[in-house]
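Asks: I am attaching a structure below and will ask some questions about it afterwards.
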Amino acid sequence: MKVITCFWGRPARRLQYIGIYCSAEMISCVQAHKEILREVADNMGLVQVVCMNAKRLLRDPMSKVKHNNPRLWLELQWVAN
């Protein structure tokens, strides 16, 4: 789980959301509790909750996670397997 910040629109508006990295097998379990997680995000002042497949992110050739955040990259390795 990580709070992710992005900038969208003109003028750029800062949006923050919760990113949940999980294995393909766990995505359906997390999706089942997404409404509760959205309430948590709303209480934290965040926009949304997004579930991401960790293995897919690790295999993405354009991903810069390994260089930008090596600790997260190692944690994703653990989650994906």
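The values are calculated or read from the model by the stated rules, or taken from the named source; none is laboratory data. Worth saying up front: this structure is predicted, and the values here are computed from it rather than measured. Note that each Cβ is placed from the backbone with ideal geometry, even for glycine, and that neighbours are counted across all protein chains shown. Protein only, heavy atoms only, side chains kept; ligands, DNA and RNA dropped before computing areas. Shrake-Rupley method; radii C 1.70, N 1.55, O 1.52, S 1.80 Å.
Asks: Modelled with pLDDT of 90 or more, surrounded by fewer than 12 Cβ atoms within 10 Å (Cβ to Cβ) and either assigned to a strand (DSSP E or B) or not small (Gly, Ala, Ser) (or both): does that describe Glu25?
Replies: no
Asks: Out of (1) part of a loop (DSSP other than H, G, I, E, B); (2) open to solvent by less than 40 Å² (accessible area, probe 1.4 Å), what's the single condition that is false for Pro11?
Replies: Among (1) part of a loop (DSSP other than H, G, I, E, B); (2) open to solvent by less than 40 Å² (accessible area, probe 1.4 Å), Pro11 violates only (2).
Asks: Here's another thing I want to ask about it. Looking only at residues that are of a type in the set (D, E, K, R) and surrounded by 11 or more Cβ atoms within 10 Å (Cβ to Cβ) in segment 40-59, which one is farthest from Glu75 (Cα to Cα)? Break it down into steps so the answer makes sense when it comes.
Replies: Restricting attention to segment 40-59, the residues satisfying the condition of being of a type in the set (D, E, K, R) are 42, 55-56, 59.
Next, only the ones that are surrounded by 11 or more Cβ atoms within 10 Å (Cβ to Cβ) stay: 42, 55-56.
Working: Asp42: 26, Lys55: 11, Arg56: 14 Å.
The residue in question is Asp42.
Asks: Under the condition of being more than 15 Å from the chain's Cα centre (by Cα) and hydrophobic (A, V, I, L, M, F, W, C), which residue from segment 41-73 is farthest from Gln16 (Cα to Cα)?
Replies: Applying the filter and picking the extreme gives Met62.
Asks: Show the residue pairs meeting these rules: Cβ distance below 9 Å; 6+ apart or different chains; first residue within segment 59-81 and of a type in the set (Phe, Trp, Tyr); second residue open to solvent by 100 Å² or more (accessible area, probe 1.4 Å).
Replies: So the pair list comes out as Trp73/Lys66; Trp73/His67.
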